[in-house]
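Can you keep this structure in mind? I'll have questions shortly.
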Amino acid sequence: MSEKVTLSVNGHEVRVAAGANLIDALEAVGIDIPHFCYHPALGADGNCRMCLVEIEDGRPPIVPACKTPAAEGMKVVLESEKIKKIQRDILEMELINHPVDCPVCDQAGECTLQDYYMKFDLGDSRMDVAQVKKDKRLDFGGGVVHDQERCVLCGRCVRFTRQITKTGELGIVNRADQARVAIFPGKPLNNRYALNVVELCPVGAMTSRDFRFKQRVWFLKKTPGVCHGCATGCSITIDHHREKYKDARIYRYRARHNPLINGYFICDDGRLSYHLENENRLETPLVKGVPVTPTEALDAVRTHLGQAKYPLVVVSPDCSLEQLYAAQMFCLEHGAKVSGYSAAAIVAGDGDDYLIKDDKAANRPSLNLLGIDTSREYLREALGHADLVITLNNDPFTDGADADLSEMMKGITTIACATHHCEFFDNADIVLPIASYSEYAGSVINSDGVLQRFGRAVVKNRPVPELLELLHALGGPVADMGAAWAGMRTAVAPLGAVDPDKIGEHGMRLEGL
Amino acid sequence: MSGTEIFITIIRVGFGVFVPLSAVAVMVWMERRGAGFIQDRAGPNRCNVLGFRFGGLLQNIADAIKLLFKEDVIPGHIAHKFYFILAPALVFITALLCFAVIPFADALVLGASTYLMQAMPLELGILWFLAIIGFGVYGIILAGWASHNKYGLLGGLRAAAQVISYEIPMGLALVSLLAVYGTVNLTEVTQFQGRLLFGVIPMWGVVLQPLGFIIFVIAAFAETNRTPFDLAEGESEIVAGFHVEYSSMKFALFFMGEYIAMFVSSALIVTLFFGGYQIPWLNTQTLVAHARPVAVALMLILPAAAYVFARWIGFNNPGPAPNPAQRVRETKVYIAVVWSLVALIEVILLGYIVAGAGGAADRILVVWLQTAVFLLKTFFVCFVYVWVRWTLPRFRYDQLQKLGWEKLLPLALFNIFITGAVVVALG
Amino acid sequence: MAARVKQIKRRGRTFLEQLYLIEVIKGMGVTITHFLRNLRDNRNLYVRDYPEVKPEITSRWRGRHRLTLHPDGTVKCVACFMCQTNCPSECIMIEATERLDGVAEKMPARFTIDLLECIYCGYCVEACPMDAIRMDTGIFSVTGTSREDMVLELEDLLATPGGFAEHEQEDR
Ligand code: SF4
Ligand code: SF4
Ligand code: SF4
Ligand code: SF4
Ligand code: FES
C-alpha cells in the first residue's frame, strides 16, 4: 500500500494516496473532478482546463487537478463560485462550435460533454455568429468513423496512437477554431488496437463503424465478462440487450479496466469477437443431422454411453475451469479417457508483445492445472482403440497438420457438444448445443496465471444448457459450480486457498502454477 | 279430465314457463335502456330489422343469437366437466321452478270446479319458494368451484356466505308475515290482501308489515345477487366471479337465470306485500259482480291511454336520427299498430258487453284483468331492481355481512315479537 | 398568499344517514328524475349519434400517429429513439441506419408502432426533438381485422397526412 496523505476537499478531510494526481486521488474516495483530456492510461496533458480546482492559500491558487499531485495539508476547493464559473465557461467554449448532434450521436447517454453540460452548465447559447463547419463521417480506417465537429480536442486519441500503439497515425492539425483531429493523407488508422480510440474519446467524435447506429447505449445491459478471444483473457464489459419480441443479443464489448491483465484497453479482434456469440449458433440437438428434442438427444447419448467400452472425451481449452473439472469427474465416472489436445487454437506468429497472444484459447492453463493430458500422442493413442468420442466445445484439429486424427475419428461414433455450427460437428452422430461463454458463469485462468471469474451475461429466450449442467444430466457427479469448487479445492493444490466468492473483479494471480 | 281442465292446465303451465322467459327479454331491455336514461344516454337503440327497432328490444334478440352461435368453450383445466355444465342449468331451472307457485289471478271458478291460477297448484306456496330458491345458489357455488379458477371460487364462496347470511332475515321476515296471514298458500295470502283495513286502506302486506317488507326486499336483493349485493360477480374486483370461465349459452343460462330470479322475487314481493293480482278496492267478488261497468270503464280508459302512448311514440321515436324519413315511417307504423290493437280489444270488449256478459265470461274477464294487473305490478318491482342497481354502488364484503347479521337479523326478530304481540292481542 | 380553506362537513354520521334507507331513497330520487326527464323527451340525452354525427376533433386531440416530412419531402425522423425510450408501453420499435442523402446522418430503416399496445399518451410526440412524430392525423377510430393490421410500419406512418392545417397546429 502506498503512503497516505490527508487533505481537505471543500472543507472535509479525506485521506488519499500520496503522489497520485488530484483526479485519481479523489476519485478513489468517490469525489469526481470533471475532466476531458486526462486519462489514467495516457497521463495528464493539461489541455482542456476542465479540471481546474482552487487550492486555498496555494500558489498559484487555481491549478489543473490532472497535473497536481495530492499533497499533505492541501485545501482543495471544488465548489467555489470561481470554479463553477470556470467550468461553465469551459463548457460554453466547447459548445460554441459543437453541433449538438445528440439525437443522432452514438455517444449520447455516455457522453462526458453531455453529462457535464447537464451537471455544470445548462446555459443557453449566446452565440450569434455562424458555427464553424468541419468534416463529419470521416473514415479513419480500422473501423473508426470520425466527426470533427463533435471533437473537443482533448487529444486522447492522438496520445493513444503515440504512446500505446506507437503508430502515431493521428494528429491535431490547424489552430484555434480550425483545429481538428486528422490522419495523414492516405495513412488510415492501421493497428490492431484502433477501436480503443472510440472508447477513449470522451465525446462522440470517434464512433465505431461496427456499433454505429445499432443501438442506443441506454438500452444496453452491462455485464462484466472475460474475453475468450485469446489466452490473455482481457476483462471486458459485455453490452447486451433483448429487444422486444426478439432474442437477447450482444451489441458490443468494451474494455474493462484490469491492472492485472489488460489495463484499460483490448484489441480489436477481441472487441469484435462478440459477433461470434450472436451468429451461427447451434440451437437444436441433431441426431445424424436431423433435429430432435433435447430429451431424445439425451436419451440417445445415454444409450451410446452405456454401450461404449472405450469412451474418449476431448475437452476444449476454451471451457471454464469448472466445466473442465466436471468433465474430468464425468470421465472418471464413466471410465473414459480425457484429452485436452487442441492445436487448432494456436495461430503461430499472430501474437504481439502487448495483449495479443498466439494461443487463441482462453483457459489452457486450467488443463495443466487439472492434469488433463494435452499431448498429441496421448490423443492419438486413445483414438486408436476408442469406440465413442465425445467432444466438449472442441474443434480439436487443424485440417492440415491433424488430418490423420480427423481420419481416425471417421470410423468412431462421435458425440459433439458444441456452441456453434461447423462442418465437423454437423456430421457427428449426435450434436448437442451448449451455452457459450457469454451465457454461463465460470472461471478461466489466463496465460499469466490470473484466475478470473465472470457471471452469466446473456439469457437467451430459449437457453441451451451449460456444459456443466449437461454433463450432470448425463450422469456426471458434479452438480453445480459450488460442487465443482468444493471438489477442486481439495483435489487441486493451487486452488486450495482460493475462495471462489472472493475473487474480485480483477481476478487474482494464482501462486504455484 | 275434461277438455276445459286440460286447456286451463296448459294455460297455467304455459304462463309459468313462458312469462318468466319472455320477461327476461323485457327486463334486459328495461335494464339497458333504463340504465341509459338514468345516466342521460340512450342505451341500445340501433339494432333493427328493415328499419324497425322496437325501441331497442331487437338488441336482445341479436344478443341471444350471438350467444347461441358463439363457441362453447370448456377450458382445458376444468376437471369436473359434469358439474361445470350442471351449474348453469341448476341456476336456470331453480329460478324457473320458483315461479310455479305464484298465483297470477284469483282462483277461477267454472261451474263446480275451482282452478288455482298458478303453474303448480301446490298448497306449499311460500315454503316451496324458500326451498327452491335456496337451491339455486348451489348452481353458483358449483360454478365457482368447478371453474377451477381463483376468481370463480371467490365468487362462489361469496355467494354461499351471502345466501346464508340473508336467508335468515328473509325467513324471519316471512315468519311474522305468515303470522299475520295465517297461511302459507299464496292464493290465500293474496285473497287476504283483497280486504280493506278500517274500510279504506287495502290490507296489503306492505301496510301490515312495513318493517317486514323492508327486510324482505333487502334480503330478496341479496338472494338474487343484484346490486348492491352483487359481490359474487364483483366484476371490478374478481372480474366476473363465478361465471368467469363460462361462455356462449352456458353463460346465457346464468344470465337468464339471474333475470328470472329477479322476476320471480319481484312476483313474490308483489304477491306478499302488494296484493298480488288484486286491484285495490276491487276484489274478485266486486269485479265479478260488476263485470259490465268494468268493461265499459276499460273501453274508455284504453283509447285514452293509447292516445297518450301514441303521442309519446310520435314525439320520441323519430329522435335526432341519421335518416329521419325512415324513422318517421317507423313511427307511423308503430302508432298504427297501437291503434289497431286498441281497436281489437275494443271489439272484443264490445262483443262481451253485447253478447257474453254474465256467468263464466265475467270470471274469465276478471282473470285476464287480474293477470294484467299482476304483470304490471311485477314489472314495476323489476324496474325498482333496475333503478336501485343504477343508483347504488356495491357493498363492501364486510359491510354486507354486518348489514345482514347486525342490522337485519335483530330487526327481523324484533318484528316477530311485535307482530306476535299484536296478533295475540287482536286474537 | 393565504391558502383558501374550505371546511367540508363529513357526511354519513347522523342517525338518519346511518339508517341508509333515507339516503338510498334520496339517491333513487335523483336517478328517477333523470330517468323521467329522458323518458319524457329523449332529446334531453347527452348523446351524439355516432357514427352519423362525427365528433369534432381539435388539433390537440391525440389521434393516430404519423411521421412528418421535411418541406422537400424527405423523412424528418433521425431515429434518435427518444420516442421509443419514452414510450411507457414500449410499443415503438425502431431500427436505425446510416443516412446518405445529406439531410441527416441517421434515419429509421424500420419504424413500427404497435397500436394494440399504444395507450395514446402522446409521450412520443413530446419526446421527439425533430417534431417528426405527431398525433395530429385526426384519426380517432383505429380498427383492423387482424393483429397485423394494427401494426403500423414506416411507410404507413409517412403516408398519412396531417389532419389539420399548419395554422391550427400553431394555435396550441
Ligand atoms: S458528442 Fe455528446 S454532446 Fe456532442 S452530439 Fe454527441 S452526445 Fe451530444
Ligand atoms: S476525437 Fe475524441 S479523443 Fe480525439 S481529440 Fe477529439 S474528443 Fe479527444
Ligand atoms: S402515444 Fe404513448 S404509448 Fe403510444 S406510441 Fe406514443 S409514447 Fe407510446
Ligand atoms: S420520431 Fe422523433 S423521437 Fe422518434 S426516433 Fe424519430 S426523431 Fe427520434
Ligand atoms: S483533464 Fe486536466 S486539463 Fe484536461
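How many residues does region B:338-373 hold that are touching a residue at least 12 places away in the same chain (Cβ under 8 Å) and hydroxyl-bearing (Ser, Thr, Tyr)?
The total comes to 2.
Also, I was wondering about something else. Assess whether C:Ala132 counts as being within 10 Å of chain A (Cβ to nearest Cβ) and without any contact (Cβ under 8 Å) to a residue 24 or more places away in the chain.
no
Suppose we keep only residues that are over 26 Å from C:Met28 (Cα atoms) and charged (D, E, K, R) within region B:10-51. Which one would you say is farthest from the other protein chains (Cβ to nearest Cβ)?
B:Arg12
Residues checked against (1) touching a residue at least 24 places away in the same chain (Cβ under 8 Å); (2) away from ligand 3 (no atom under 16 Å from the Cβ); (3) within 25 Å of C:Glu98 (Cβ to Cβ); (4) assigned to a loop (DSSP other than H, G, I, E, B):
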| residue | (1), (2), (3), (4) |
| --- | --- |
| A:Ala194 | yes, yes, yes, yes |
| A:Val197 | yes, yes, yes, no |
| A:Pro202 | yes, yes, yes, yes |
| A:Arg212 | yes, yes, yes, yes |
| A:Gln215 | yes, yes, yes, yes |
| A:Ala231 | yes, yes, no, yes |
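Hey, among the residues in region A:87-140 that are in a loop (DSSP other than H, G, I, E, B) and among the aliphatic types (A, V, I, L, M), which one's surrounded by the most Cβ atoms within 10 Å (Cβ to Cβ)? Spell out the reasoning first.
In the first step, residues of region A:87-140 are kept if they are in a loop (DSSP other than H, G, I, E, B); the result is A:97-101, A:105-111, A:122-137.
Filter once more, so that each one left must be among the aliphatic types (A, V, I, L, M): A:100, A:108, A:122, A:127, A:129-130, A:132.
On the way: A:Val100: 15, A:Ala108: 20, A:Leu122: 9, A:Met127: 11, A:Val129: 7, A:Ala130: 7, A:Val132: 14.
Going through the qualifying residues, I end up with A:Ala108.
Something else now. Would you check if A:Ala25 is within 14 Å of ligand 5 (Cβ to nearest atom), buried (at least 21 other Cβ atoms within 10 Å of the Cβ), more than 19 Å from A:Lys119 (Cβ to Cβ) and more than 14 Å from every other protein chain (Cβ to nearest Cβ)?
Answer is yes for this residue.
Is it true that A:Phe160 is out of contact with any Cys (no Cβ under 9 Å at 6 or more places or on another chain), of a type in the set (A, V, I, L, M, F, W, C) and part of a loop (DSSP other than H, G, I, E, B)?
no
Follow-up. Mind counting the residues in region A:409-434 that are touching a residue at least 12 places away in the same chain (Cβ under 8 Å), among the small types (Gly, Ala, Ser) and out of contact with any Ser or Thr (no Cβ under 7 Å at 6 or more places or on another chain)?
Residues in region A:409-434 being touching a residue at least 12 places away in the same chain (Cβ under 8 Å), among the small types (Gly, Ala, Ser) and out of contact with any Ser or Thr (no Cβ under 7 Å at 6 or more places or on another chain): 1 in total.
Please give the strands (runs of 3 or more DSSP E) falling wholly within region A:39-85 in which 1 or more residues are away from ligand 2 (no atom under 15 Å from the Cβ), of a type outside the set (D, E, K, R) and more than 19 Å from A:Glu13 (Cα to Cα). Before you say what the answer is, go through the steps one by one.
On the way: elements: A:52-55, A:62-64, A:75-77.
Here the list reads A:52-55, A:62-64.
Considering only helices (runs of 4 or more DSSP H) fully contained in region C:1-96, which possess at least 3 residues that are within 14 Å of chain A (Cβ to nearest Cβ) and surrounded by 12 or more Cβ atoms within 10 Å (Cβ to Cβ)?
The helices (runs of 4 or more DSSP H) meeting that bar are C:82-86.
Under 9 Å between Cβ atoms, which residue pairs at least 6 apart in sequence (or on different chains) link something in region A:92-106 that is within 10 Å of C:Cys80 (Cα to Cα) and within 8 Å of chain C (Cβ to nearest Cβ) with a partner that is assigned to a helix (DSSP H, G or I) and away from ligand 3 (no atom under 16 Å from the Cβ)?
A:Cys102/A:Gln114
Right, another one. Among the candidates B:Ile65, B:Ile74, which residue alone is assigned to a helix (DSSP H, G or I) and more than 14 Å from chain C (Cβ to nearest Cβ)?
Going through B:Ile65, B:Ile74 in turn, the sole match is B:Ile65.
Moving on. Taking region B:1-24, which residues are more than 22 Å from B:Ile260 (Cβ to Cβ) and either of a type outside the set (Gly, Ala, Ser) or within 12 Å of the chain's Cα centre (by Cα) (or both)? Spell out the reasoning first.
Here is the first cut: in region B:1-24, the ones more than 22 Å from B:Ile260 (Cβ to Cβ) are B:1-8.
Answer for region B:1-24, where residues must be more than 22 Å from B:Ile260 (Cβ to Cβ) and either of a type outside the set (Gly, Ala, Ser) or within 12 Å of the chain's Cα centre (by Cα) (or both): B:Met1, B:Thr4, B:Glu5, B:Ile6, B:Phe7, B:Ile8.
I need the full set of residues from region C:110-129 which are at the interface with another protein chain (Cβ under 10 Å from one of its Cβ atoms), farther than 15 Å from A:Glu243 by Cα and in contact with a helix residue (DSSP H, G or I) (Cβ under 8 Å, 6 or more places away or on another chain), in order please. Can you show your working first?
Kept after step one, since they are at the interface with another protein chain (Cβ under 10 Å from one of its Cβ atoms), are these residues of region C:110-129: C:112, C:114, C:117, C:128-129.
Next, from what is left, pick out any that are farther than 15 Å from A:Glu243 by Cα: C:117, C:128-129.
Hits for region C:110-129 are C:Cys128, C:Pro129.
For (1) surrounded by 13 or more Cβ atoms within 10 Å (Cβ to Cβ); (2) more than 14 Å from every other protein chain (Cβ to nearest Cβ), each residue gets a yes or a no:
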| site | (1), (2) |
| --- | --- |
| B:Val308 | no, no |
| B:Gln326 | yes, no |
| B:Thr331 | yes, no |
| B:Ala336 | no, yes |
| B:Trp339 | yes, yes |
| B:Gly351 | no, yes |
| B:Leu365 | yes, yes |
| B:Phe374 | yes, yes |
| B:Phe379 | yes, yes |
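If we scan region B:87-94, do we find a residue that is within 14 Å of another protein chain (Cβ to nearest Cβ) and either part of a helix (DSSP H, G or I) or more than 20 Å from the chain's Cα centre (by Cα) (or both)?
No: region B:87-94 contains no residue that is within 14 Å of another protein chain (Cβ to nearest Cβ) and either part of a helix (DSSP H, G or I) or more than 20 Å from the chain's Cα centre (by Cα) (or both).
Consider A:Ala205 carefully, then state whether it is surrounded by 21 or more Cβ atoms within 10 Å (Cβ to Cβ), within 16 Å of ligand 2 (Cβ to nearest atom) and either farther than 23 Å from C:Met93 by Cα or not polar (S, T, N, Q) (or both).
Numbers: surrounded by 21 or more Cβ atoms within 10 Å (Cβ to Cβ): yes; within 16 Å of ligand 2 (Cβ to nearest atom): yes; either farther than 23 Å from C:Met93 by Cα or not polar (S, T, N, Q) (or both): yes.
Here the answer is yes, as A:Ala205 does meet what is asked.
I would also like to ask the following. Tally up the residues in region A:237-246 that are more than 14 Å from chain C (Cβ to nearest Cβ) and either assigned to a loop (DSSP other than H, G, I, E, B) or of a type in the set (Phe, Trp, Tyr) (or both), please.
Total satisfying the criteria: 0.
I've got another one for you. Looking only at residues that are surrounded by fewer than 21 Cβ atoms within 10 Å (Cβ to Cβ) and charged (D, E, K, R) in region B:128-171, which one is nearest to the chain's Cα centre (by Cα)?
In this case the residue turns out to be B:Glu167.
Is there a residue in region A:29-51 that is away from ligand 5 (no atom under 11 Å from the Cβ), away from chain C (no Cβ under 14 Å), under 24 Å from A:Ile164 (Cα atoms) and free of Cβ contacts under 8 Å to residues at least 60 places away in the same chain?
Within region A:29-51 (the criterion being away from ligand 5 (no atom under 11 Å from the Cβ), away from chain C (no Cβ under 14 Å), under 24 Å from A:Ile164 (Cα atoms) and free of Cβ contacts under 8 Å to residues at least 60 places away in the same chain), the answer is no, since none of the residues qualifies.
Can you name the residue in region A:175-192 that is surrounded by fewer than 17 Cβ atoms within 10 Å (Cβ to Cβ) and aliphatic (A, V, I, L, M) and is also nearest to ligand 3 (Cβ to nearest atom) among such residues?
Applying the filter and picking the extreme gives A:Ala179.
Residue pairs, Cβ under 6 Å, 6 or more apart or interchain, first in region A:113-128 and modelled with pLDDT of 90 or more, second assigned to a loop (DSSP other than H, G, I, E, B). List them.
Cβ pairs passing all conditions: A:Leu113/A:Val203; A:Tyr116/A:Pro34.
The values are calculated or read from the model by the stated rules, or taken from the named source; none is laboratory data. Just so it is clear, the structure is predicted and the values come from calculations on it, not from any experiment. Every residue, glycine among them, receives a Cβ derived from its backbone with ideal geometry; neighbour counts consider all protein chains shown.
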